[in-house]
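*Asks:* Quick one: structure below, then a few questions.
The values are calculated or read from the model by the stated rules, or taken from the named source; none is laboratory data. Computed from a prediction, not measured in an experiment: that's the story for all the values here. Don't worry about glycine lacking a Cβ; one is built from the backbone with ideal geometry, like all the others, and counts go over all protein chains shown.
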Amino acid sequence: GQTPLSLAAQNGHDRVIKLLLETGQVDIESKGDNGQTPLSLAAENGHEGVVKLLLDTGKVNIESKDVYGWTPLSWAAWNGHDALVNLL
């Protein structure tokens with residue numbers, strides 16, 4: 001399953017991400033069934049604001065791989081999200 005943080009990241013809900021991060025009670029590196037982290041989900045779906053918020057925590061592993069061996073950068077590049085490719 002997915003955590004609230006993962007769902008918010010996947011759907012680009014910047015404000016929800018910010019609120020969840022402020023609680024200090026979220027696992028920023030949680031992985032869903034396919035091994036994607038919130039950062040990977042945000043990168044895959046082109047949510048630049050969410051990616052920036054997650055990167056700004058300094059607690060995300062940008063090299064984290066899912067079950068397919070893909071990183072957040074891989075997903076951003078595959079889906080043509082050039083701004084995110086530059087960020088990652």
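*Asks:* For the stretch 49-88, how many residues meet the condition of being among the small types (Gly, Ala, Ser) and touching a helix residue (DSSP H, G or I) at 6+ places or on another chain (Cβ under 8 Å)? Please lay out each step first, then the result.
*Replies:* Taking the stretch 49-88 as the starting set, the residues that turn out to be among the small types (Gly, Ala, Ser) are 49, 58, 64, 69, 74, 76-77, 80, 83.
Subsequent filtering for residues that are touching a helix residue (DSSP H, G or I) at 6+ places or on another chain (Cβ under 8 Å) retains 49, 64, 76-77, 83.
Selection size over the stretch 49-88: 5.
*Asks:* Taking the stated definitions as given, is Ser40 in contact with a helix residue (DSSP H, G or I) (Cβ under 6 Å, 6 or more places away or on another chain), farther than 14 Å from Leu88 by Cβ, modelled with pLDDT of 95 or more and surrounded by 15 or more Cβ atoms within 10 Å (Cβ to Cβ)?
*Replies:* no
*Asks:* May I ask you to say which residue of Asn61, Asn86, Asn45, Asn11 is modelled with pLDDT of 95 or more and in contact with an Asp or Glu (Cβ under 8 Å, 6 or more places away or on another chain)?
*Replies:* Numbers: Asn86 fails: in contact with an Asp or Glu (Cβ under 8 Å, 6 or more places away or on another chain); Asn45 fails: in contact with an Asp or Glu (Cβ under 8 Å, 6 or more places away or on another chain); Asn11 fails: in contact with an Asp or Glu (Cβ under 8 Å, 6 or more places away or on another chain).
The conditions single out Asn61.
*Asks:* Is there a residue being small (Gly, Ala, Ser) and more than 15 Å from Asn11 (Cβ to Cβ) anywhere in the stretch 37-53? So that I can check it myself, show each step before the final result.
*Replies:* Initially, the stretch 37-53 is screened for residues small (Gly, Ala, Ser), giving 40, 42-43, 46, 49.
Then drop every residue that is not more than 15 Å from Asn11 (Cβ to Cβ), which leaves none.
No: zero hits.
*Asks:* Go through the stretch 45-68 residue by residue and tally those that are in contact (Cβ under 8 Å) with a residue 12 or more places away in the chain, part of a loop (DSSP other than H, G, I, E, B) and of a type outside the set (Lys, Arg).
*Replies:* 11
*Asks:* Output yes when any residue across the stretch 28-39 is outside any loop (DSSP other than H, G, I, E, B) and in contact (Cβ under 8 Å) with a residue 12 or more places away in the chain, and no when none is.
*Replies:* yes
*Asks:* Find all pairs meeting these conditions: Cβ atoms under 6 angstrom apart; at least six residues apart or on different chains; first residue within the stretch 1-23 and in contact (Cβ under 8 Å) with a residue 24 or more places away in the chain; second residue surrounded by fewer than 16 Cβ atoms within 10 Å (Cβ to Cβ) and part of a helix (DSSP H, G or I).
*Replies:* Short answer, once both residue conditions are applied: Asp14/Gly49.
*Asks:* Among the candidates Asn86, Asn61, single out the residue that is surrounded by fewer than 16 Cβ atoms within 10 Å (Cβ to Cβ) and within 12 Å of the chain's Cα centre (by Cα).
*Replies:* On inspection, the qualifying residue turns out to be Asn61.
*Asks:* Of a type in the set (Val, Ile, Thr), surrounded by fewer than 14 Cβ atoms within 10 Å (Cβ to Cβ) and on the phi < 0 side of the Ramachandran plot: is that true of Val26 in this structure?
*Replies:* For Val26, the condition - of a type in the set (Val, Ile, Thr), surrounded by fewer than 14 Cβ atoms within 10 Å (Cβ to Cβ) and on the phi < 0 side of the Ramachandran plot - is not met.
*Asks:* Out of the stretch 74-88, which residues are part of a helix (DSSP H, G or I) and either over 15 Å from Glu63 (Cβ atoms) or in contact (Cβ under 8 Å) with a residue 12 or more places away in the chain (or both)?
*Replies:* Trp75, Ala76, Trp78, Asp82, Ala83, Leu84, Val85, Asn86, Leu87
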